[in-house]
Amino acid sequence: MLFDSLRTSFYCFFSLQHTFSFTRPFHKKIFSLSGSILPVSATMESQLSCVLVLSGKSETEKELAKSLKENSSLKLADDLKLRTFLQSEIEMQSENNEFNIDTYMDSLTTTSFGRFLLSSPRLPSTQDVVSLNFCEIPIGSMCIADVQFKGRGRSQNVWESPKGSLLFSFTMQMEDGRVVPLVQYVVCLAMTEAIKDLALKNGIPPLDVRIKWPNDLYLDGIKVGGILCTSKYRSKKFHVSAGVGLNVNNDKPTTSLNAVLRKLNSGYQLQREEITSAFFNKFEHFFHILINQGFQPLEELYCKTWLHSGQRIIVQEQNENQDLPIESVVTIQGLTSSGYLMAISDNSEICELHPDGNSFDFFKGLVRRKLN
């Protein structure tokens with residue numbers, strides 16, 4: 001499951017039993033590995049090497065993957081050992097349920113996002129991979145892992161990342177700092193819309209995935225996913241890394257998309273590959289709107305998808321003449337231009353709500369600021 005907000009030859013694991021197979025068709029090495037995975041501690045995890053499989057949708061992107069591999073350009077945090085392979089060098093083991101690159105690429109229709117792929121059975125954190133290698137990989141690149149062992153969410157909270165969950169991060173570059181805080185909302189919206197599109201396409205019961213501000217995804221009142229966006233300002237541009245975690249087929253400790261589908265007696269089960277490609281197809285369209293027109297054209301759809309329209313909450317307001325803050329009740333109306341919650345008080349005063357920075361839940365300890 002996912003908590004608060006998101007690599008040995010082929011698996012990054014400690015195994016006492018493993019098998020390798022090598023074939024050499026036309027003098028090209030094809031590597032495959034299957035093995036049993038034994039439980040390891042976090043310390044043991046950090047001492048093991050990891051694998052990244054590089055692939056691209058176009059020939060140009062495939063040539064770039066080859067160059068990155070030949071030059072050993074990629075690296076991991078904490079000096080963790082890394083081995084890189086091209087997709088053409090790996091014989092994927094379908095019985096291990098790795099992410100199927102070909103299935104994903106076949107459904108991808110983007111021109112920028114998700115076309116260059118770094119995949120792995122096991123990584124510390126996909127977010128660290130794209131952030132650390134931001135300048136080495138194309139803008140829009142995606143890193144995906146079947147399992148993470150150092151996943152994190154907002155405020156460095158632990159993000160549990162078991163097998164069966166969808167775990168990926170990708171890169172963006174932005175110039176207007178005013179819209180950078182809003183991109184996390186676009187990522188959330190693209191995922192909810194992608195899931196709706198897949199339900200319609202496959203004739204399955206609709207999954208009413210909703211957004212809990214600012215970056216969580218809920219289904220039937222239970223958290224099933226979250227978004228993490230980080231940025232650095234370099235050379236007059238914002239380097240943005242977005243991480244996504246979504247419970248697709250891991251039922252514990254809460255629930256997943258496919259668990260809900262089974263309860264609805266649906267014979268169809270969603271796959272990580274189709275969700276990821278549908279997400280990028282949707283996100284690229286939304287991202288272009290955000291960059292060219294701002295968030296306003298997307299705001300109505302966003303507010304239809306989130307949990308908060310008309311929600312009444314308790315907020316705090318600091319009074320200069322009192323030591324303790326004053327609490328009052330306000331009603332959420334939408335978002336301000338800066339991306340914070342906009343609310344109205346019972347005396348019709350419009351205000352902007354900010355997290356106090358201390359609470360695990362954004363809706364605990366909200367601080368009220370009057371808007372002119």
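The values are calculated or read from the model by the stated rules, or taken from the named source; none is laboratory data. What you see is a predicted model; the values in this text were computed from it and never measured. Neighbour counts run over all protein chains shown; Cβ positions are idealised from the backbone, glycine included. What goes into the accessible areas is simple: the full protein's heavy atoms, side chains included, and nothing from ligands, DNA or RNA. Shrake-Rupley method; radii C 1.70, N 1.55, O 1.52, S 1.80 Å.
Contact annotation: residue pairs with Cβ atoms under 8 Å, 6 or more positions apart or on different chains, pairing a residue in the stretch 54-69 that is at pLDDT 95 or above and open to solvent by less than 10 Å² (accessible area, probe 1.4 Å) with a partner that is part of a helix (DSSP H, G or I) and of a type in the set (Gly, Ala, Ser), are Leu54/Ala65; Ser55/Ala65; Gly56/Ala65. Exactly one residue out of Val209, Val183 is buried (at least 18 other Cβ atoms within 10 Å of the Cβ) and closer than 23 Å to Phe116 by Cβ: that is Val183. Only strands (runs of 3 or more DSSP E) whose full extent lies in the stretch 56-150 are considered here, and none of them has at least 2 residues that are hydrophobic (A, V, I, L, M, F, W, C) and out of contact with any helix residue (DSSP H, G or I) (no Cβ under 9 Å at 6 or more places or on another chain). Residues of the stretch 218-228 that are open to solvent by 40 Å² or more (accessible area, probe 1.4 Å) and on the phi < 0 side of the Ramachandran plot: Tyr218, Ile222.
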